[in-house]
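Below is one structure; the comments refer to it alone.
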Amino acid sequence: MPKTNAELAAILQEMADLNEILGANRFKVIALQKAARVVGDHAVALAALGADELKGLDGIGKGVAGRIAEWAQTGRVGELDELRERVPEGLPGLLNVPGLGPKTVQLLWKEAGVASVEDLKSALEDEERVAAVASIKGMGKKKLEGLRKSLAFLERSAGRVRIGTAMNLAELLLERVRGFEGVAEATHAGSLRRGRETIGDIDILVRTDGDEGVRAGIAKAFTGMDLVRDVLAEGVTKASVRVAAGDGPEVQVDLRMVPSSSFGAALMYFTGSKEHNVAMRERAQVRGMSLNEYGLWKGKAPRQGVGEADQLVAGASEAEVFEALGLAWVPPELREDRGELGKAEADDLPRLIEVGDVVADLHTHTTASDGALSIEAMAEAAMARGLKVLAITDHSKSQVQANGLSAERLLEHAAEVREVARRLKGKITLLAGSEVDILADGSLDYPDEVLEQLDVVVASPHAALSQSSEVCTKRLVLAIEHPCVRIIGHPTGRLINRREGLSPDIPRLIEAAREHGVALEINANHYRLDLRDAHAALAVKAGVPLSINTDAHGEADFGQLRFGVLTARRAGATKADVVNCWGVKKLMGWLGA
DNA sequence: GCCGTTTTCGGCCCGACTGTTTTCAGTCG
């Protein structure tokens, strides 16, 4: 069995959890958590690397490298096995219950015999056991009530929500918050602003120069919204709630309020990532300053940001804080502590692609297969969004459930596309293409002489998505080598939170794509975002072009473009790296159309 | 457990809020 980074990350995370519950040194716990994160985010399988290469990675030292080697060789980690013997199997799951930390979990276990989330649920319903739980020090009436609510929340929430879902909810909330008395400005921060594919909670930052009374009023209006299901906290600088819109998932939303003089520092602070913030604060310290959510200060930061005005170096805007630390402004999508500060210091940050740079969509569908609009209506929608090039790429014949086109229907359809293209000449360039299935063996769903007649061929995997890494790598490389293929669509076929998809050897795909001049897609649909950020970053590094496409099946789907662009930005892509941003002439030359 | 332009030992971010603590611990981000 191949050993994936996700499995390894889970092992390290479990070691962190078990150590935490057992009361180990907290910095050891933090180190293990960091190692789990680094491993989970790494684009190349770590099981195959040697100890020296492993130790070169940030956050991985002798200890973790040794355990990775042990796991790679034996499939086990001795220390984890020992830890598991000391703690009931379901106990770490309790750490996921909001409001429960390692101290309380340990007390629940040792003093009330609670061994899992399920067990806690039944204990809270059982009179005798509730008494045992309530007798724990610090466990009062409100704590118990909070636990009941947290357990209900866990059942209703979907865990991390997809970025598209979170963005919709955030925009709805921002509209409300901007209407509250005393709010000068409101914006989203956190992982949503960094463009991560899934979001744990929504952070909203409010700029207000009102006094405590005004801020308390904003917090009250926020917690009083009709979308609010639970209120977790309500103070004069922050409030925290759980909300749900319609039948959507329940999501935690944190609101923070800061004065104008601190808005930039606070925006940085709440945008994160945590690791980026730590690196920034360390940088401030080295320069005899300190950085918190209220600003950058000479010497030690005053409590609550209320101090001598002459101590404040910067704080009103992000740019001035970066500048005062000798750095260029770092785009939020790059704030992951993966070397961005070094580049910012050398003024060597890439000029990231923006939504407005995209002038072509090379992967869309019409009523000919499973889309909702005609060729003409799709072209109108594309023009309304300012696109200069649109490729119509309906499904191929194996996609029976999607009304995939037979070779004959495809050629008729292509003729229709070209007819509409003639009518719209000068307004938009319409291309006749296909999203052709990459079959399980790597062959394509149409014969070459059919594919040769098209302007653009996007080849995508749709079925056989549980193939082994080795088999699917060969399959995708074969498609890349096909002379008609220009773009590999959603290369892994994953659906976020729903389906794992393929796990090909990404460096090999990139190498093949480079050799054959093929682009790899970032499918912008927020269910897909495939390639994912880390993989797209490898492509950019290797000089392999990306293609950001919406895979639109209707008018609204064109709006998904922003999520594809966010993913490309996280990968460090500039507009030169993305074929959809090229001029029409250059793009047509590349397509050979 | 990790890391090194003060360090191979001794640090490791820090402020807000809650609940039940009569002075602060736990949790969270």
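The values are calculated or read from the model by the stated rules, or taken from the named source; none is laboratory data. This structure is a prediction, so every number in the text was calculated from the model and none was measured. As a convention, Cβ positions derive from the backbone with ideal geometry for all residues, glycine included, and neighbour counts pool all protein chains shown. Keep in mind that these areas ignore ligands, DNA and RNA; they rest on the heavy atoms of the full protein, side chains included. Shrake-Rupley method; radii C 1.70, N 1.55, O 1.52, S 1.80 Å.
Descriptive notes on the structure:
- Near A:M383, once Lys and Arg are set to +1 and Asp and Glu to -1 for all other residues with Cβ below 12 Å from its Cβ, the sum equals -1.
- Value of [θ]222 nm, deg cm²/dmol, for chain A, DSSP H segments ≥ 4, -39500 (n - 2.57) each, nearest 500: -13000 deg cm²/dmol
- The range A:1-106: GluC sites (Glu not before Pro) falling in loop per DSSP and having at most 14 other Cβ within 10 Å: A:E89
- Surrounding net charge for A:G559, when Lys and Arg each add one and Asp and Glu each subtract one, Cβ distance under 13 Å: -3
- Percentage relative contact order, the range A:355-591, counting C-alpha pairs under 8 Å, at least six apart: 19
- Solvent exposure of the range A:5-86, expressed per residue, is 51 Å² of accessible area, with all protein chains present and a 1.4 angstrom probe.
- With one equal scatterer per alpha carbon and no solvent term, the Debye-computed log10 I(q)/I(0) for the range A:354-491 at 0.10, 0.13 1/Å reads -0.33, -0.55.
- If you wrap the tightest convex hull around every Cα atom of the range A:161-255 and split its volume per residue, you get 79 Å³.
- Surface composition of chain A: carbon and sulfur atoms hold 50% of the protein heavy-atom accessible area at a 1.4 Å probe.
- For the range A:91-156: accessible area per residue (Å², 1.4 Å): 57
- Modelled spin-label separation between A:E555 and A:Q73, with each label point placed 7 Å from Cα along the Cα-to-Cβ direction: 6.4 nm.
- With each label modelled as a point 7 angstrom along the Cα→C-beta vector, the A:M225-A:K388 pair spans 4.0 nm.
- Relative intensity, log₁₀ I(q)/I(0), of the range A:1-157 from a Debye sum that treats every alpha carbon as a point, q = 0.17 Å⁻¹: -0.95
- Along its principal axes, chain A has C-alpha extents of 76, 57, 50 angstrom, given from the largest down.
- Put the Cα centre of the range A:531-593 next to the Cα centre of the range A:271-295 and the gap is 33 Å.
- Axis of helix A:5-21 versus longest Cα principal axis of chain A: the two differ by about 10°, to the nearest ten degrees.
- Here r is the Cβ-Cβ distance between A:K586 and A:H42 and R0 is 30 Å; the resulting FRET efficiency, rounded to 0.05, is 0.35.
- Rounded to 10°, Cα long-axis angle of helix A:533-542 versus longest principal axis of chain A: 50
- Sequence-distant lysines (8 or more away, or on other chains) whose Cα lies within less than 28 Å of A:K585: A:K388, A:K425, A:K427, A:K541, A:K575
- For the range A:473-593, averaging the sequence separation of C-alpha pairs within contact (under 8 Å, six or more residues apart) and dividing by the residue count gives a relative contact order of 22 percent.
- Cα point-scatterer Debye curve for the range A:5-86, base-10 log of I(q)/I(0) at q = 0.12, 0.14, 0.15 Å⁻¹: -0.30, -0.41, -0.47
- Between helix A:141-156 and chain A: long-axis angle, C-alpha atoms, 0 to 90°, nearest 10: 10
- Cα coordinate range in the range A:329-413, projected on the principal axes (Å, largest first): 58, 29, 19
- Extension reserve of the A:T574-A:V355 stretch, reckoned as 0.36 nm per residue once the Cα distance is removed: 77.7 nm
- Given A:K34/A:K103; A:K28/A:K142; A:K274/A:K343, the pairs whose alpha carbons are separated by over 29 Å: A:K28/A:K142
- The ellipsoid that matches the Cα gyration tensor of the range A:91-156 has semi-axes, each √(5λ) in whole angstrom, of 15, 13, 12, with the longest given first.
- Residue-normalised accessible area of the range A:355-591, expressed per residue, 1.4 Å probe, Å²: 38
- Dipole magnitude for chain A: computed about the Cα centre from +1 point charges on Lys and Arg Cβ and -1 point charges on Asp and Glu Cβ, it is near 1300 debye.
- Rel. contact order, % - alpha carbon contacts under 8 angstrom, at least six apart, the range A:5-86: 32
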